[in-house]
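Report on the structure given below.
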Amino acid sequence: MKLSFRITLLAFTFALYSCGGSKNTATKTVESVKFEVNLLDRSDDTYKVTVTPPALTAVNSIYQFASTAPGTYQVMDIGRYVKHFKAFDANGNELTTHQISINQFELTSPEKISKIEYEISETWDTPVSENKIYLMCGTSIENDHTLINGQAVFGYFKDKQNSPITIKLDYPKTWTVGTALSKNSDSLYVAENYDKVVDSPILLGNLTKASMNVEGTNVDIYTYSKTGLVTSDQILESMKNMLVSASGFLEGLPVKNYTFLFHFEDTTNGAWEHSYSSEYIYKEDQWANLEEQVVEVAAHEFFHVVTPLNIHSEIVDQFNFITPVASRHLWLYEGTTEWAAHMMLFRSGLKPTDDYFNTLSKKIAIDSKYFDPALSLEQLSLTSYTPAGQKQYGNIYMKGAIVAGLLDIKILELSNGKRGYIDVINDLAKKYGPHTPFDDATFFSTFVKETYPEIQFFIDDFIVNTKPLPIKAYYNKIGIDYNETENTFSLNASPSAEQLTLRTKWMTPISL
């Protein structure tokens, strides 16, 4: 779910030119913003944070906390949770600061600041009157573990969102740390910029760990389970085939390392994807009771290594933590991902045909019963940060996935069974990759150029507008009967040659 998309970097160098016209190349190390978080003192359910900045000037006179975060599509206003914000000079004298908005602290003498100290409350147990933060996107601090999402603990100085960052975590020696962040030679966690910190949640505490290599990709699983009912070994055993099938579905995984963070305690609240990790909040239970649901959700979150990691717009690439900016392409980021997760499980045999059909039927039923049919997928995206949009947001996983499935069939038809939607997605991922965003305003046209002219009508009818979805007609193209009255799917036992050709490609199995 935005995200930082570059290889971790502690510092970089650049050429400087001397005055007088002669070129004199020299290098200068860019100083990191240094954070230290005291997790030995977990009193008052707050994180005790110390920030040691590089040299600041008047340009850096604002310390900014996040108003939102990539992939959440909700207003967070993290500044609501900040307490005791103080700045000090090198002699320990307190300098004047002013909170000038919910998320901004003004530094009246930034050039004199030697350190900043503040406490910030965990979001799970801190009551708020509105804009309650999703648990998987927030923070929790307890005696035996803590969950850190970067935007809910750390801030950044104005004009230094792209500065490199180091993080020192002080925590009990018996704790284990799970994160996609790497360490430097001083055992500090490093990130190339603030976006990367937000993109890399951290789970610490009494955790179990399991690892495997999936065709060159290192996968780590860290698990907190309140009473030990669920272990990382159990989860890994259940997810092995899903991970292998993902590699087959995507023609190889586009990341070299990936981290799963699982939290099993008292509540279920879902999951949040990142570029190189994802985190999951579920009520603790016997693993057999959780396995199917968790693996399906993990398949969805893991597929985000394609979109938006490798296919994303400039809105995602240069994320605005101050003012939420909506992208029109949630149909791609979330709808396509939800479709792909279930299709991947289906094609690999991990999800039987009848189960896949039941999933389609449920999504159709939920879409028609609980969501506004007059709201297009594009409008859902563009209003996602508003209260009204939040009420409709869940439909991106219903109607969004249904539309992605229809798009798959349309592409199959236009290519005479030679190409499906996942082939287009894989091609786009190779074209763009993590470092090249597409233009948010013109991507529909780009997508049409990458496929077929007729796809423009599909986009206009079913993504930009709200023309009734032709579910029966489209599935008939691939020899699948849809009973609109009963909302059920079944394979046509006597498909035509054309239907069979398309259905064969649609059902192409992934070898495990």
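The values are calculated or read from the model by the stated rules, or taken from the named source; none is laboratory data. Since we're looking at a predicted model, the values are computed, not measured. Every residue, glycine among them, receives a Cβ derived from its backbone with ideal geometry; neighbour counts consider all protein chains shown. When the accessible area is computed, the model is the full protein with side chains, heavy atoms only, and any ligands, DNA or RNA have been set aside. Shrake-Rupley method; radii C 1.70, N 1.55, O 1.52, S 1.80 Å.
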Selection within segment 53-75 - among the aliphatic types (A, V, I, L, M) and touching a helix residue (DSSP H, G or I) at 6+ places or on another chain (Cβ under 7 Å) = Leu56, Ala58, Ala66, Ala69
Mind checking whether some residue in segment 157-180 is touching an Asp or Glu at 6+ places or on another chain (Cβ under 6 Å) and on the phi < 0 side of the Ramachandran plot?
-> yes
Within segment 282-303, is even one residue under 30 Å from Asp159 (Cβ atoms) and either acidic (Asp, Glu) or assigned to a helix (DSSP H, G or I) (or both)?
-> no
Test each condition in (1) at pLDDT below 95; (2) surrounded by fewer than 18 Cβ atoms within 10 Å (Cβ to Cβ) for Leu250 and report the one that comes out false.
-> (2)
Per the filter on segment 397-454, residues assigned to a helix (DSSP H, G or I), within 17 Å of Met344 (Cα to Cα) and touching a Lys or Arg at 6+ places or on another chain (Cβ under 7 Å) are Ala401, Ile402, Ile409, Leu412
Among residues belonging to segment 205-253 that are of a type in the set (S, T, N, Q) and part of a loop (DSSP other than H, G, I, E, B), point out the one that is farthest from the chain's Cα centre (by Cα).
-> Thr227
Which of the residues that make up segment 199-237 are open to solvent by less than 60 Å² (accessible area, probe 1.4 Å) and over 25 Å from Pro172 (Cβ atoms)?
-> Asp199, Met212, Val214, Gly216, Thr217, Val219, Leu236
Restricting segment 89-115 to residues that are of a type in the set (Val, Ile, Thr) and over 23 Å from Asn320 (Cβ atoms), the one surrounded by the fewest Cβ atoms within 10 Å (Cβ to Cβ) turns out to be Thr96
Somewhere in segment 73-88, is a residue assigned to a loop (DSSP other than H, G, I, E, B), β-branched (Val, Ile, Thr) and either open to solvent by less than 10 Å² (accessible area, probe 1.4 Å) or under 26 Å from Glu31 (Cα atoms) (or both)?
-> no
Determine, yes or no, whether Ile120 is in a strand (DSSP E or B), hydrophobic (A, V, I, L, M, F, W, C) and open to solvent by 40 Å² or more (accessible area, probe 1.4 Å).
-> no
